[in-house]
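Report on the following structure.
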Amino acid sequence: MQLMSEKGAAGGGLRERKKRATRAALAEAAVRLAAEHGADRVTVEAISAAAGVSVRTFFNYFDTRDDAFVAIDADAGARVRRSVLDAPAALSPLQALRDAMAAELAEAEQQHELWRLHAEVLHASPHLLVRSLVAHMAHETELAEAIASRIRSGSTRHGDPSASDQERREALDLYPRLLAAVAVAAVRASVEHWCARQKDVAFLDVFQEVFDLLAAGLPAPPA
């Protein structure tokens, strides 16, 4: 889930911070109302009132009511992509992506209740779930493009002279897509596992363990 986080609302200039905070408040109000009453029974007027803004303000941020239920934090995605691109060259693509995502998920333990409610809302409304999946697929594609750019830049400096241009192009096409998809799935698995055991372990410890398993090639656990 990528609803606007407190971290996202805290960065940038005052005007931008206020805009992100308002968008986050509307998305949170939509999710909480939908969890309580059902998404189909929630109106734009109710969402706006709960967030303390006018209906006109709502439509400054969302084109339709349903957009508020599946709001994706575009700023978070952009920060992750920038971190992947700016990470030290010595880091592997997986390590760079792990560190970028860990930084973005540092506040996960404060967001878990909203994440849980959001998941309930989506699973109770199949049309919203489909919209959410489409939005996340777009985010995943953008992430794959950032990974490909990082690899391409590294290949320019440290490329295998024995590899043909076609082989390099094919590697840049498949690997970034696979890594982006696996990383997104790993985050989801981390959240679900932690939510079931949050009294026993910190979220970032679970997250780190998941990425350690990926880095090790997913060895089978001991019997």
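The values are calculated or read from the model by the stated rules, or taken from the named source; none is laboratory data. It should be emphasised that the depicted structure is a prediction, and the values quoted were computed from it without experimental measurement. Note: ideal-geometry Cβ built from the backbone for every residue, glycine included; neighbour counts use all protein chains shown. Just the protein is used for accessible areas: all its heavy atoms, side chains included, with ligands, DNA and RNA removed. Shrake-Rupley method; radii C 1.70, N 1.55, O 1.52, S 1.80 Å.
Could you give the length gained on full extension between LEU204 and ASP63, defined as 0.36 nm per residue of separation minus the Cα-Cα distance, in nm?
47.3 nm
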Cα-centre dipole for segment 50-155 with unit charges at Cβ (Lys and Arg positive, Asp and Glu negative), debye to 20: 240
Peptides ranked, highest mean first, by Cβ atoms within 10 Å: ranges 18-25, 53-60: 18-25, 53-60
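With +1 assigned to the C-beta of every Lys and Arg and -1 to the C-beta of every Asp and Glu, and no other charges, what is the dipole magnitude of the chain about the Cα centre in debye, to the nearest 20?
Values: 26 positive and 31 negative charges, 123 e Å.
Approximately 600 debye in magnitude.
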Cα centre as origin, Lys/Arg/Asp/Glu Cβ charges: segment 100-156 dipole, Debye: 260
Extreme residue, positive dipole direction of segment 30-76, given options VAL53, ALA71, ALA30 (C-beta unit charges): VAL53
Accessible carbon and sulfur surface of the chain relative to its total accessible area, %, 1.4 Å: 55
Highest average packing first - 87-94, 212-219, 137-144, Cβ atoms within 10 Å: 137-144, 87-94, 212-219
Accessible solvent surface per residue of the chain, calculated while the other protein chains remain in place, 1.4 angstrom probe, Å²: 57
Reduced Cα scattering model of the chain, Debye log10 I(q)/I(0), q = 0.09, 0.14 Å⁻¹: -0.43, -0.94
Inter-label distance, nm, simple model (7 Å from Cα along the C-beta direction), VAL134/ALA189: 2.9
Estimated [θ] at 222 nm from DSSP helical runs (n ≥ 4, -39500 (n - 2.57)) normalised by residues in the chain, nearest 500: -25000 deg cm²/dmol
Virtual spin-label span in nm between GLU107 and ALA50, 7 Å along Cα→Cβ: 1.9
